[in-house]
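K.L.:
My questions all concern the structure below.
The values are calculated or read from the model by the stated rules, or taken from the named source; none is laboratory data. In this text, all values refer to a predicted model and were calculated from it rather than measured experimentally. Methodologically, a virtual Cβ is constructed for each residue, glycine included, from the backbone with ideal geometry; neighbour enumeration extends over all protein chains shown.
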Amino acid sequence: MQLNWIKCQGDVWCKLNSVNLSHEHFNNRYGVYIIWHGGTKSAVVYVGQGNIKERLAEHRINSEIQSFESVGLYVTWASVPKEYRNGIELYLASKWKPIVGGNYPEVTPIEVNSPWQS
């Protein structure tokens, strides 16, 4: 499945702690998302799904995720219909091995494109 991974204005990756969650873009926006840090060896911190605005707001106050803020936390998301979210979340978590989390649905993974493909 081909997803449209979102970047912020200027075609740059969005910073988790400063992306404007009040923007109308987030109204009724549901899908999957990836949070990563930009350290020397960047790594995926968390993979999730649901209401993007609500979930990202929760992650802004999650101490496990925020422990990586010193090296920069970035996020991207894609709108996905509910019936595909569990499979996509599992695929992304299996592929990127996030540092935080690990409780994923037991479903058939649904392969999607990487946000970092050119």
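Condition check ((1) within 18 Å of W5 (Cβ to Cβ); (2) in contact with a Phe, Trp or Tyr (Cβ under 7 Å, 6 or more places away or on another chain)) across all residues:
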site	(1), (2)
K41	no, no
A57	no, no
I65	no, yes
E83	no, no
E111	yes, yes
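K.L.:
Sticking with this structure for a sec: Which pairs turn up if I take residues in region 98-118 that are farther than 11 Å from G48 by Cα and look for partners that are of a type in the set (S, T, Y) and modelled with pLDDT of 95 or more with beta carbon separation below 7 Å, at least 6 apart in sequence or on another chain?
P.N.:
If the second residue must be of a type in the set (S, T, Y) and modelled with pLDDT of 95 or more, the pairs left are P109/Y91; P109/S94; I110/Y84; I110/Y91; E111/Y91; V112/Y91; P115/T76.
K.L.:
Also, quick follow-up: Residue by residue through region 50-101, note down the ones that are within 14 Å of V32 (Cα to Cα), touching a Ser or Thr at 6+ places or on another chain (Cβ under 9 Å) and of a type in the set (V, I, T).
P.N.:
I52
K.L.:
Next question, about the same structure. How about region 1-16: which of its residues are out of contact with any Pro (no Cβ under 6 Å at 6 or more places or on another chain), hydrophobic (A, V, I, L, M, F, W, C) and part of a loop (DSSP other than H, G, I, E, B)? Write out each step before concluding.
P.N.:
The initial filter retains those residues of region 1-16 that are out of contact with any Pro (no Cβ under 6 Å at 6 or more places or on another chain), namely 1-4, 6-16.
This time we only want the ones that are hydrophobic (A, V, I, L, M, F, W, C), so: 1, 3, 6, 8, 12-14, 16.
The answer is M1, L3, I6, W13, L16.
K.L.:
Six or more apart or on different chains, Cβ atoms under 9 Å: show the pairs whose first residue is in region 50-66 and at positive phi and whose second is of a type outside the set (D, E, K, R) and surrounded by 19 or more Cβ atoms within 10 Å (Cβ to Cβ).
P.N.:
Note: pairs meeting the criteria are G50/G31; G50/V32; G50/Y33.
K.L.:
Checking the structure you have, find out if any residue of region 92-101 is in a loop (DSSP other than H, G, I, E, B), at pLDDT below 95 and not hydrophobic (A, V, I, L, M, F, W, C).
P.N.:
Checking region 92-101: at least one residue is in a loop (DSSP other than H, G, I, E, B), at pLDDT below 95 and not hydrophobic (A, V, I, L, M, F, W, C).
K.L.:
Which one is farthest from the chain's Cα centre (by Cα), of the residues in region 2-41 that are of a type in the set (G, A, S) and surrounded by 10 or more Cβ atoms within 10 Å (Cβ to Cβ)? Lay out the reasoning, then the answer.
P.N.:
Of region 2-41, the ones of a type in the set (G, A, S) are 10, 18, 22, 31, 38-39.
If we keep only those that are surrounded by 10 or more Cβ atoms within 10 Å (Cβ to Cβ) too, we end up with 18, 31, 38-39.
On the way: S18: 15, G31: 9, G38: 14, G39: 17 Å.
Per the criteria, the residue is G39.
K.L.:
Also: On the basis of being farther than 19 Å from L3 by Cα, among the acidic types (D, E) and in contact with a strand residue (DSSP E or B) (Cβ under 9 Å, 6 or more places away or on another chain), does E89 make the cut?
P.N.:
Numbers: farther than 19 Å from L3 by Cα: no; among the acidic types (D, E): yes; in contact with a strand residue (DSSP E or B) (Cβ under 9 Å, 6 or more places away or on another chain): yes.
No; evaluated as a whole, the condition is false for this residue.
K.L.:
Kindly list the number of the only condition in (1) loosely packed, with under 15 Cβ neighbours inside 10 Å; (2) within 16 Å of V100 (Cβ to Cβ); (3) hydroxyl-bearing (S, T, Y) that fails for S79.
P.N.:
All conditions are met except number (2).
K.L.:
Mind checking which residues of region 61-70 are among the hydrophobic types (A, V, I, L, M, F, W, C) and exposed (fewer than 15 other Cβ atoms within 10 Å of the Cβ)?
P.N.:
Step one: list which residues in region 61-70 are among the hydrophobic types (A, V, I, L, M, F, W, C), which gives 61, 65, 68.
I61, the sole residue that qualifies.
K.L.:
Hey, does region 19-37 have a residue that's within 25 Å of E111 (Cβ to Cβ), hydroxyl-bearing (S, T, Y) and modelled with pLDDT under 95? Full working, then the answer.
P.N.:
Of all residues in region 19-37, those within 25 Å of E111 (Cβ to Cβ) come to 29-37.
Narrowing further to those that are hydroxyl-bearing (S, T, Y): 30, 33.
Filter again for modelled with pLDDT under 95, leaving none.
Looking through region 19-37, none of the residues is within 25 Å of E111 (Cβ to Cβ), hydroxyl-bearing (S, T, Y) and modelled with pLDDT under 95.
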